[in-house]
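A short reminder: the numbers here are calculations on the coordinates, not readings from a lab. Note that the coordinates shown come from a computational prediction; the quantities given were computed from them, not determined experimentally. As a convention, Cβ positions derive from the backbone with ideal geometry for all residues, glycine included, and neighbour counts pool all protein chains shown.
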Amino acid sequence: MPEPAAEATKTPAARTAKSLPDGAPEQSMKRALLWLGIAMVGVVGINTWIKEITQHLHPFEVVFWRNLFAVALILPFLILRYGRHALTLNKPKPVIIRGGVEFLIMATLFSAFSQLPLAQAVAIVFTMPIWITIGAALFLGEVVRARRWIATGVGFIGMLVIIGPNLGSPSIYHLAAFAAAILIGVSTLMLRNASLVDSPGRIVCWMSIVITPLAAIAAIPVWQGPTPMVFGMLICAVLCGTTAHVCLTQSMRYAEASQTAPYRYVELIMAAIMGFIIFGEVPALTTYIGAAIITASGIYIAHREHVARMRDAEKQ
């Protein structure tokens, strides 16, 4: 029987294949999808709230309030459960570094939401499987074969289709969404390890602790302060965002991200619906076409990644 530390470094696929009883993989997948479904509702909720809030406050200030409230919301629960070990991490360094990455994600993503149609911004962000594939090959030593590289290229073409008329001179907000997609890919690769050894609540709380002072410094030149109405919207956004982070982290305890990734593209449909209902946005035809290309590419990449991981698990 492997040592706990060694066991934690294995992928969920490997641990499932070797240590769970018959029927357990199916149960794990159902649990993963349940957590993922709740997470997606939270993600669409916070994206919608953030788009509205950034019409009143600068995105940097929104990042500050969102994370300050998150700490205030989560920390009491951690103290009740863990006492003086509420903020103890088994692997603090990757979680703290990921907090810095998450600050950049929120700063770029909230900026994109402030000006781009919701569906368009979300569609660009969903090129993240491209960057996860590239990052896994470059930094994790993962073998990426020709078919996945082709799918990666196709997904990139889908993003170019979405930008469409702005391709010659994309706005800073298109570039912000593009940067957010890359950074989310980086964060996802980091989460694969951290989520296996630390509780979701601790991970989310520590990330917000890291982000809050960084956002405060960035927000000083553009500080306005929220009105009571905006304050209420911020609370709603924090509840949605915190729920999404915790549930997504929990989902990854039960199944590989590659297994659940195809289901996340439901967010594109949900974003388009919310953009139309709340903001009266009608996505351009290029957004639909590009989103379809990105979705097909992402699902295929996820499928090939899952096949590769199952193959590796069988060898262990």
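The packing ranking of peptides 109-115, 138-144, highest mean first, is 109-115, 138-144, where packing means the average number of other beta carbon atoms within 10 angstrom of each residue.
Let a ≥ b ≥ c be the square roots of the eigenvalues of the Cα gyration tensor of segment 131-283; is it rounded (a/c under 1.5), or, if not, prolate (a/b larger than b/c) or oblate? Note, shape of segment 131-283 comes out oblate. Take the alpha carbon gyration tensor of segment 73-159, find the square roots of its eigenvalues, order them as a ≥ b ≥ c, and report rounded if a/c is under 1.5; if not, report prolate when a/b exceeds b/c, else oblate. Oblate, because a/c is 1.5 or more while a/b does not exceed b/c.
Take 268, 80 and order them by how many other Cβ atoms sit within 10 Å, fewest up front.
Ranked by crowding around the Cβ, least crowded first: 80, 268.
Ranked for footprinting exposure by Cβ neighbours inside 10 Å, fewest first, 227, 54, 152 give 227, 54, 152.
In terms of its C-alpha gyration tensor, the chain has an oblate overall shape, because the principal axis ratio a/c (a ≥ b ≥ c, square roots of the eigenvalues) is not below 1.5 and a/b does not outweigh b/c.
For residue 84 and residue 140, the FRET efficiency from 1/(1 + (r/R0)^6), where r spans their Cβ atoms and R0 equals 30 Å, is about 0.30.
Taking a span of 15 Å or more along the helix axis (Cα atoms) and a mean Kyte-Doolittle hydropathy of at least 0.0 as the rule, the DSSP H helices of the chain that qualify are 24-53, 59-82, 92-115, 128-139, 146-163, 172-197, 200-219, 228-254, 266-279, 285-315. Among 32, 292, 231, whose Cα lies farthest out toward the positive end of the dipole of segment 31-315, if unit charges sit on the beta carbon of Lys, Arg (+1) and Asp, Glu (-1)? The residue sitting farthest along the positive end of the dipole is 32.
Maximal additional length on extending the residue 26-residue 147 stretch stands at 40.8 nm, based on 0.36 nm per residue less the C-alpha distance.
This model, with +1 at the C-beta of Lys and Arg and -1 at the C-beta of Asp and Glu, gives the chain a dipole about its Cα centre of some 640 debye.
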